[in-house]
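Enquirer: Below is one structure. I have some questions about it.
The values are calculated or read from the model by the stated rules, or taken from the named source; none is laboratory data. Please read these numbers as outputs of a predicted model, since none were measured by experiment. Don't worry about glycine lacking a Cβ; one is built from the backbone with ideal geometry, like all the others, and counts go over all protein chains shown.
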Amino acid sequence: MASSRLFVGYQRGVGGLKGADVLAAKLDRLSDAARETLRGALDKSADELVDGIKAIVPVGHGLEQHPGELRDSVHKEDGRNALSVYVTEDAKAADGEFYGPHVEFGHKTADGAHVPAYPHFFPEVRVSKRKMKSRISRAMTQAIRQTLAGDSSAGE
């Protein structure tokens, strides 16, 4: 099973999104200052999500080699481009397998006993989603205005 991972940001080449290529072309024209504004909103959203997940992740369950290992593995990392961030939890069990999803969704042990789920990653995503989306939308609007203001002054 893979690690729990959430993408926050803009990713070029996302299929199935109507008008994604038009949006990508417009985002490519953003000024550096506008990109920094947008990146700040992405980083702040990712940091808050990491803190929220760490606050509710269970500690000391049977899969951890050291208590708090799953909590400490929650972090953000840069995405494929400057305007993307991943929030991930990548603790591994002794056998090298990621165990965050086993804790999140529950699992069966080798002897067939059921271990209950301790949801922590996606509940926090659901709680934080509206706030993150709003912050990123405001930053996007501000970035577009900065870029348009720069374009109009360059044409004079």
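Enquirer: Of all residues in the range 101-129 being loosely packed, with under 14 Cβ neighbours inside 10 Å and of a type in the set (Val, Ile, Thr), which is nearest to Asp51 (Cα to Cα)?
Expert: Val127
Enquirer: Related question: Across the range 130-143, what is the total count of residues that are more than 15 Å from the chain's Cα centre (by Cα) and crowded, with 17+ Cβ neighbours inside 10 Å?
Expert: 3
Enquirer: Select from the range 37-76 the residues that are modelled with pLDDT of 85 or more and acidic (Asp, Glu) and write down the one among them that is farthest from Ile144 (Cα to Cα).
Expert: Residues of the range 37-76 modelled with pLDDT of 85 or more: 37-59, 67-76.
Then drop every residue that is not acidic (Asp, Glu), which leaves 43, 47-48, 51, 69, 72.
Details: Asp43: 18, Asp47: 24, Glu48: 24, Asp51: 29, Glu69: 41, Asp72: 36 Å.
Residue satisfying both the conditions and the ranking: Glu69.
Enquirer: Kindly provide the set of residues from the range 37-47 that are surrounded by 16 or more Cβ atoms within 10 Å (Cβ to Cβ) and either touching a strand residue (DSSP E or B) at 6+ places or on another chain (Cβ under 7 Å) or touching a residue at least 60 places away in the same chain (Cβ under 8 Å) (or both), ordered by number. It would help to see each step written out before you state the result.
Expert: If we filter the range 37-47 for residues that are surrounded by 16 or more Cβ atoms within 10 Å (Cβ to Cβ), which is where we start, we get 37-39, 41-42, 45-46.
Scanning the range 37-47 gives Thr37, Leu38, Ala41, Leu42, Ser45, Ala46.
Enquirer: Considering only residues of the range 56-95 that are polar (S, T, N, Q) and in a loop (DSSP other than H, G, I, E, B), which is farthest from the chain's Cα centre (by Cα)? Walk me through it before giving the result.
Expert: Narrowing the range 56-95 to residues polar (S, T, N, Q): 65, 73, 81, 84, 88.
Pick out the ones that are also in a loop (DSSP other than H, G, I, E, B) and you get 65, 73, 81.
On the way: Gln65: 26, Ser73: 14, Asn81: 14 Å.
In this case the residue turns out to be Gln65.
Enquirer: Starting from the range 77-97, keep only residues that are in contact (Cβ under 8 Å) with a residue 24 or more places away in the chain and aliphatic (A, V, I, L, M), then list their pairs with residues that are surrounded by 12 or more Cβ atoms within 10 Å (Cβ to Cβ) and part of a loop (DSSP other than H, G, I, E, B) whose Cβ atoms are within a distance under 6 Å, requiring at least 6 positions of separation or different chains.
Expert: Partner pairs satisfying both residue conditions: Leu83/Tyr10; Val85/Gly79; Ala91/Ser73; Ala93/Leu63; Ala93/Tyr99.
Enquirer: Can you name the residue in the range 27-36 that is surrounded by fewer than 19 Cβ atoms within 10 Å (Cβ to Cβ) and in contact (Cβ under 8 Å) with a residue 60 or more places away in the chain and, of all such residues, is nearest to Thr147 (Cα to Cα)?
Expert: Residues of the range 27-36 that are surrounded by fewer than 19 Cβ atoms within 10 Å (Cβ to Cβ), as a first pass: 28-29, 31-33, 35-36.
If we keep only those that are in contact (Cβ under 8 Å) with a residue 60 or more places away in the chain too, we end up with 29, 31, 33, 35.
Working: Arg29: 8, Ser31: 6, Ala33: 8, Arg35: 9 Å.
If we take residues in the range 27-36 being surrounded by fewer than 19 Cβ atoms within 10 Å (Cβ to Cβ) and in contact (Cβ under 8 Å) with a residue 60 or more places away in the chain, then Ser31 is nearest to Thr147 (Cα to Cα).
Enquirer: Given the criteria out of contact with any Leu (no Cβ under 7 Å at 6 or more places or on another chain), at pLDDT 90 or above, in a helix (DSSP H, G or I) and of a type in the set (S, T, N, Q), does Ser134 qualify?
Expert: yes
Enquirer: Going through the range 61-79 one residue at a time, which ones are surrounded by fewer than 12 Cβ atoms within 10 Å (Cβ to Cβ) and among the small types (Gly, Ala, Ser)?
Expert: Gly62 - this is the single residue of the range 61-79 that is surrounded by fewer than 12 Cβ atoms within 10 Å (Cβ to Cβ) and among the small types (Gly, Ala, Ser).
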